[in-house]
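Peer 1: Just passing along the structure, written as structure tokens.
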Amino acid sequence: MNLENSATDHAASMAYVMSTLSTRTLHHFAQEAKLNGESLKDAFERYEIDYAWYVLGSDRLRDATLASLVTRHHHTATDAQRESLAGVLKSAAEAQAPELLMSFDNDVPDQLADYLLASWGGGAAPSRSKR
């Protein structure tokens, strides 16, 4: 893979990740908790909420994506693919506004695993619908 293709692949992967995210501000999340009749603390714990930049940059999300590649597609990522995944997640984390929140309980690992496998030539590309 040459440098130009690598940069194009990274940009496309980054755009895909950004299109799948569901983030909220603290105000919006507090309103949802109130509608559900639960304290903000309970809602944060139940949904495992943290800053979006933290969730996206976490080892937990990276490892969940790698595990999804194995369980959903029987594909073990190469070192280069692991590096690519880490770079995409790092870029997505850096692109987040500091006040945005996100849940660790999300479908990003599965969606990203599907997308990456397709971009690596191992399957059909998924749709870009938000849930």
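The values are calculated or read from the model by the stated rules, or taken from the named source; none is laboratory data. It should be emphasised that the depicted structure is a prediction, and the values quoted were computed from it without experimental measurement. A quick note on method: Cβ atoms are made from the backbone with ideal geometry, for glycine too, and the neighbour counts reach across all protein chains shown.
Peer 1: Looking at region 34-52, is at least one residue without any contact (Cβ under 8 Å) to a residue 60 or more places away in the chain, over 28 Å from Ser6 (Cβ atoms), surrounded by fewer than 13 Cβ atoms within 10 Å (Cβ to Cβ) and of a type in the set (A, V, I, L, M, F, W, C)? Write out each step before concluding.
Peer 2: Let us first name the residues in region 34-52 that are without any contact (Cβ under 8 Å) to a residue 60 or more places away in the chain, namely 34-52.
Then keep just the ones that are over 28 Å from Ser6 (Cβ atoms); that gives 34-51.
With surrounded by fewer than 13 Cβ atoms within 10 Å (Cβ to Cβ) added as a condition, the list becomes 34-37, 39, 41-42, 45.
Then keep just the ones that are of a type in the set (A, V, I, L, M, F, W, C); that gives 35.
Yes, region 34-52 contains a residue that is without any contact (Cβ under 8 Å) to a residue 60 or more places away in the chain, over 28 Å from Ser6 (Cβ atoms), surrounded by fewer than 13 Cβ atoms within 10 Å (Cβ to Cβ) and of a type in the set (A, V, I, L, M, F, W, C).
Peer 1: When the residues of region 94-114 are narrowed to those that are within 11 Å of the chain's Cα centre (by Cα) and among the small types (Gly, Ala, Ser), which ends up farthest from Arg72 (Cα to Cα)?
Peer 2: Keep residues of region 94-114 that are within 11 Å of the chain's Cα centre (by Cα), which gives 102-113.
Now narrow it down to the ones that are among the small types (Gly, Ala, Ser): 103, 113.
Values: Ser103: 22, Ala113: 8 Å.
If we take residues in region 94-114 being within 11 Å of the chain's Cα centre (by Cα) and among the small types (Gly, Ala, Ser), then Ser103 is farthest from Arg72 (Cα to Cα).
Peer 1: Still on this model: Which of the following residues is crowded, with 18+ Cβ neighbours inside 10 Å and over 21 Å from Glu99 (Cα atoms): Leu85, Leu56? Let's see the steps before the verdict.
Peer 2: Numbers: Leu56 fails: over 21 Å from Glu99 (Cα atoms).
Among Leu85, Leu56, only Leu85 is crowded, with 18+ Cβ neighbours inside 10 Å and over 21 Å from Glu99 (Cα atoms).
Peer 1: Further question on the same structure: So which residues in region 43-62 are at pLDDT 95 or above and over 26 Å from Glu94 (Cβ atoms)?
Peer 2: none
Peer 1: From the list Thr20, Thr25, Thr65, which one is at pLDDT 95 or above, among the polar types (S, T, N, Q) and surrounded by 14 or more Cβ atoms within 10 Å (Cβ to Cβ)? Before you say what the answer is, go through the steps one by one.
Peer 2: Numbers: Thr20 fails: at pLDDT 95 or above; Thr25 fails: surrounded by 14 or more Cβ atoms within 10 Å (Cβ to Cβ).
Every option except Thr65 fails the conditions.
Peer 1: Please go through (1) among the charged types (D, E, K, R); (2) free of Cβ contacts under 8 Å to residues at least 60 places away in the same chain; (3) assigned to a loop (DSSP other than H, G, I, E, B); (4) in contact with a strand residue (DSSP E or B) (Cβ under 9 Å, 6 or more places away or on another chain) for Glu99 and return the number of the only condition it doesn't satisfy.
Peer 2: Only one criterion is unmet by Glu99, namely (2).
Peer 1: Residue by residue through region 63-96, note down the ones that are of a type in the set (S, T, N, Q), assigned to a helix (DSSP H, G or I) and closer than 17 Å to Asp110 by Cβ. Lay out the reasoning, then the answer.
Peer 2: Of region 63-96, the ones of a type in the set (S, T, N, Q) are 65, 68, 71, 76, 78, 81, 84, 91, 96.
Now narrow it down to the ones that are assigned to a helix (DSSP H, G or I): 65, 68, 71, 81, 84, 91.
The answer is Thr65, Ser68, Thr71, Gln81.
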